[in-house]
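Below is one structure, written out as structure tokens; comments come after it.
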Amino acid sequence: MKRAMAAVLLVLLSQLVHSNAEEEAFDVRHHLSTVSRYGVVKGIAESSFVPSKIPNGCTPIHLNLVARHGTRSPTKKRIKELDNLATHLEVLLREAEEQNLSLEKLPGWLKGWKSPWKGKLKGGELIIQGEDELYDIGIRTRARFPNLFNDDYHPDVYAIKATQVPRASASAVAFGLGLFSGKGSLGPGRHRAFAVISESRASDTKLRFHDCCQNYKAFKKSQEPAVDKLKEPVYDEITSALRRRYRLNFTRQDTTSLWFLCKQEASLLNIVDQACALLSPSEVSLLEWTDDLEAFILKGYGKSINYRMGVPLLEDVVQSMEQAIKAEEEKHAPGSYEKARLRFAHAETVIPFSCLLGLFLDGSEFEKIQREQALPHPPKPPQKRNWRGHTVAPFGGNNMLVLYSCPANTSNKHFVQVLHNEHPIPMPGCDGTDFCPLDVFKERIVAPHLKHDYNSVCDVKLEQQEQKPVAI
């Protein structure tokens, strides 16, 4: 009997030690969905994937970049939300004291807490960490592809485009400062001036198609209540747990705001022992999943219009490749043709573009997308999922499409390599490789999307179908 009891105690002790070890190893900064800092998550890649070995003699002749802006401050609307949270926390603490409730488990920082952004009248701008992210990507890009960036700067050789939103154009500037560092005569860093081109927000169908596509705006508006409904059980469960844990009468809105505060503190301020520490690792994982689910339904594979409206961007990418091939075949002089097209935009650009490429899918899922069949939602933790916001579109998240020219004795003359967050990534449409013959890339990945004209996808007059809510 004693031996049996000892064995049970040993098992329980080992489980406790294992659980504690798991909690210690849990880094909340890896679970912030699309609010993740680029430097924290860029190294998280598919560990089982073996990148292609670029054949000898193959050289890059053109690069397309589609990047999200770097880490930004909270928007004006969100700053107000955090101020409201501070006000409500004061009310909750006062009520608890009036009822003589024990608050010994309550962290000291909550008493008298004020938002770090209190009094800030503007928001949403690129912060210093975001500048560093894009600057470093620029430096690494030039180091990785030196023969692409060895020409003197000219805006027709290195086209840099950004949306009219300041954090995107500021990201383009930071990237350009890194890319062209030491190539000019300005200041001790020998920087040089360069052009950043923007389209009007009202007509930017290549980088802000989500703002121009009327059908998409109608779809998103119709789906947001249903998405909130999908998230409610998680928020209600965690709200109840917080009430029990800290003896405060938290509301669902408080949980929403505390989760937002956790993400901002961890990502922007590197603080993980305040708002984030109120939540257990399993609760953080569930909240992360709700964010990932929302991005999947409203920006990703949840509905084909989410990415079909990005076809003008895909067409622009392919056109730039064809122009580079033409310049090569016609032996244009160096400095007379484009070698890189560099774009800086938003999660609402990078996520749909990743979907157009078929990233983060397995083969069967890619076939479903090609047949315009719906995909199941990302599975709830603890089940594993490919669709993770921190990988798909963190701050500074990016896709690079590198066009290679290969010797005549190879199977194909031109290949496309896709890098996601600077890592080679498998393309289900190209048999799971990251290095795809251009003809195969165009036939299997690009062509099925091109039958959907932007106007036919986005023009309200041409698509009056009823918007059905997502299944709950």
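Summarised as an ellipsoid, region 225-377 has semi-axes of 43, 21, 11 Å, derived from the eigenvalues of the Cα gyration tensor scaled by 5 and square-rooted, with the largest first.
For Ile369, neighbours were defined as the other residues whose beta-carbon sits under 12 Å from its Cβ, and their charges (Lys and Arg +1, Asp and Glu -1) total +1.
About its Cα centre, the dipole of the chain is roughly 580 debye, where the only charges are +1 on Lys and Arg Cβ and -1 on Asp and Glu Cβ. Surface analysis of the chain yields an accessible area of 48 Å² per residue, using protein heavy atoms and a 1.4 Å probe. When +1 charges are put on Lys and Arg Cβ atoms and -1 charges on Asp and Glu Cβ atoms, the dipole computed for region 242-381 relative to its Cα centre reaches about 660 debye.
Given the choices (i) 73, 64, 52; (ii) 88, 60, 60; (iii) 83, 58, 55, Cα extents along the principal axes in Å derived from the coordinates of this structure is entry (iii). The relative contact order of region 131-192, computed from alpha carbon pairs under 8 Å that lie at least 6 residues apart in sequence, is 41 percent. A DSSP coil position with no more than 15 other Cβ atoms inside 10 Å describes none of the chymotrypsin sites (Phe, Trp or Tyr not before Pro) in region 184-236.
Lacking any other cysteine beta-carbon closer than 4.7 Å, the following Cys residues of the chain have no compatible partner: Cys212, Cys355.
The C-alpha atoms of region 257-321 occupy a region whose extents along the principal axes are 49, 24, 17 Å, arranged from largest to smallest.
Taking R0 as 45 Å, what's the FRET efficiency between Gln323 and Thr75 from their Cβ-Cβ distance, rounded to 0.05? That gives a FRET efficiency of 0.75. Placing a label point 7 Å from the Cα of Leu101 along the Cα-to-Cβ direction, the residues of region 198-240 whose backbone N falls under 16 Å of that point are 238-240. Placing a pseudo-label 7 Å from each Cα along the Cα-to-Cβ vector at Glu125 and Glu367 gives an inter-label distance of 5.3 nm.
Shown in residue order for region 69-85 are the 3J(HN,Hα) couplings computed by the Karplus curve 6.51 cos²θ - 1.76 cosθ + 1.60 at θ = phi - 60°: 4, x, 4, 10, 7, x, 6, 4, 4, 6, 4, 5, 4, 5, 5, 5, 4 Hz (x for Gly and Pro). Over region 299-456, the hull volume per residue, using the convex hull of the C-alpha atoms, is 131 Å³. When the trypsin sites (Lys or Arg not before Pro) in region 310-411 are filtered for DSSP coil states and for at most 13 other beta-carbon atoms within 10 Å of their beta-carbon, the remaining sites are Lys331, Arg371, Lys384. The local environment of Leu121, defined by Cβ-Cβ distances under 13 Å, has a net charge of +4 under the rule Lys, Arg +1 and Asp, Glu -1.
If I compute solvent accessible area with a 1.4 Å probe over the protein chains, what percent of it on region 288-390 is carbon and sulfur? Taking all protein chains in place, region 288-390 shows 47 percent carbon and sulfur surface.
Net charge dipole, region 335-434: roughly 160 debye, given to the nearest 20, about the Cα centre with Cβ charges of +1 for Lys and Arg and -1 for Asp and Glu.
Which entries in Lys76/Lys183; Lys229/Lys368; Lys206/Lys303; Lys221/Lys263; Lys413/Lys451 show an alpha-carbon gap greater than 28 Å? Checking Cα-Cα distances, Lys76/Lys183 exceed 28 Å. The mean sequence distance of close C-alpha pairs (under 8 Å, at least 6 residues apart), as a share of the length of the chain, puts its relative contact order at 27 percent.
Length gained on full extension, Lys380 to Lys221: 54.8 nm, using 0.36 nm per residue less the C-alpha separation.
Approximating the spin labels as points 7 Å out from Cα along Cα→Cβ, the Gln214-to-Asp453 distance works out to 1.6 nm.
In terms of overall dimensions, the C-alpha atoms belonging to region 202-305 reach 50, 30, 20 Å along their principal axes, ordered largest to smallest.
The values are calculated or read from the model by the stated rules, or taken from the named source; none is laboratory data. No experiment lies behind these values; they were computed from the predicted model shown. When we count neighbours, we look across all protein chains shown, and the Cβ atoms used for this are built from the backbone with ideal geometry, even at glycine. For accessibility, only protein heavy atoms count, side chains too; no ligands or nucleic acids. Shrake-Rupley method; radii C 1.70, N 1.55, O 1.52, S 1.80 Å.
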